[in-house]
Amino acid sequence: MFWRSGLGVCVLLVAVFAAFELGPSIEPRQTLPEDVAELTASTWERFEQAFPAQAGCLTDVQLELVEDVPAGAAEYLVAERLIRIEIPTSPRRYVETLTHELAHHIDATCDGEFTIGAAFKDAQGIDSEVAWECVEAWEDRPMEQFAEAVVEYVTGDRYSHPDIIEVSDESLEIIRRWATEAA
């Protein structure tokens, strides 16, 4: 009789979810074409695996594919935990863009600016007084340089902006340590 009751079902579901320890996920706001869904899932998995030390603070994020992003090819809306990516795009560009925006997400949810921001700015040759996000030129913002460094760390390469933002080896090492070593 216990299993027929609502309480029995709830207890069973809680036990199942606890056993699997479901982690964060990327949640598309619309149905994605199969190839884009596969690319999204594999990019998310690769990103998660690249940041084991941040697993406890990385949260769910939403994804929305749109025809136009006023600020550029993509954006991360912190308050909504929402990534918006302009389509159409190439698969390679999509992976880089999604990884770049996921970098903003992990920065926001895992306090990247406050835990490694100063060391990262120093490694990139950025004055410590420069604000993380409030610099006029996109490529001069520390948070954008951080996101580009994360793209290089996670994917091993950068296709889109290597001539605009140079990432130092020291910056990559700072990100690698933050990503893989417990504080």
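The values are calculated or read from the model by the stated rules, or taken from the named source; none is laboratory data. Please read all numbers here as calculations on a predicted model, not as lab measurements. Cβ placement follows ideal geometry from the backbone for every residue including glycine, while neighbour counts extend to all protein chains displayed.
For this structure, a couple of remarks:
- Among (1) out of contact with any Lys or Arg (no Cβ under 6 Å at 6 or more places or on another chain); (2) surrounded by 13 or more Cβ atoms within 10 Å (Cβ to Cβ); (3) within 23 Å of PRO24 (Cβ to Cβ) - the single one HIS161 does not satisfy: (3)
- Identity of the residue in the stretch 153-183, within 17 Å of the chain's Cα centre (by Cα) and among the aromatic types (Phe, Trp, Tyr), that ends up nearest to HIS100 (Cα to Cα): TYR153
- Of the helices (runs of 4 or more DSSP H) lying entirely inside the stretch 64-161, those containing at least 2 residues that are modelled with pLDDT of 95 or more and acidic (Asp, Glu) are 91-109, 142-155.
- Some residue of the stretch 139-146 being closer than 17 Å to ALA73 by Cα, surrounded by fewer than 16 Cβ atoms within 10 Å (Cβ to Cβ), over 15 Å from the mean Cα position of the chain (by Cα) and in contact (Cβ under 8 Å) with a residue 60 or more places away in the chain: no
- Among residues of the stretch 51-63 being outside any loop (DSSP other than H, G, I, E, B) and of a type in the set (A, V, I, L, M), the one that is farthest from THR180 (Cα to Cα) is LEU63.
- Members of the stretch 166-183 that are part of a loop (DSSP other than H, G, I, E, B) and buried (at least 21 other Cβ atoms within 10 Å of the Cβ): VAL167
- Which listed residue, of GLU113, GLU75, GLU64, is touching a Leu at 6+ places or on another chain (Cβ under 7 Å), in contact (Cβ under 8 Å) with a residue 24 or more places away in the chain and surrounded by fewer than 20 Cβ atoms within 10 Å (Cβ to Cβ): GLU64
- Residue ID - farthest from ALA149 (Cα to Cα), chosen from residues in the stretch 20-61 that are in contact (Cβ under 8 Å) with a residue 24 or more places away in the chain, aliphatic (A, V, I, L, M) and in contact with a strand residue (DSSP E or B) (Cβ under 8 Å, 6 or more places away or on another chain): LEU32
- Of all residues in the stretch 116-138, those satisfying the criterion of being within 19 Å of ARG158 (Cα to Cα) and either among the polar types (S, T, N, Q) or surrounded by 17 or more Cβ atoms within 10 Å (Cβ to Cβ) (or both) are PHE120, ALA123, GLN124.
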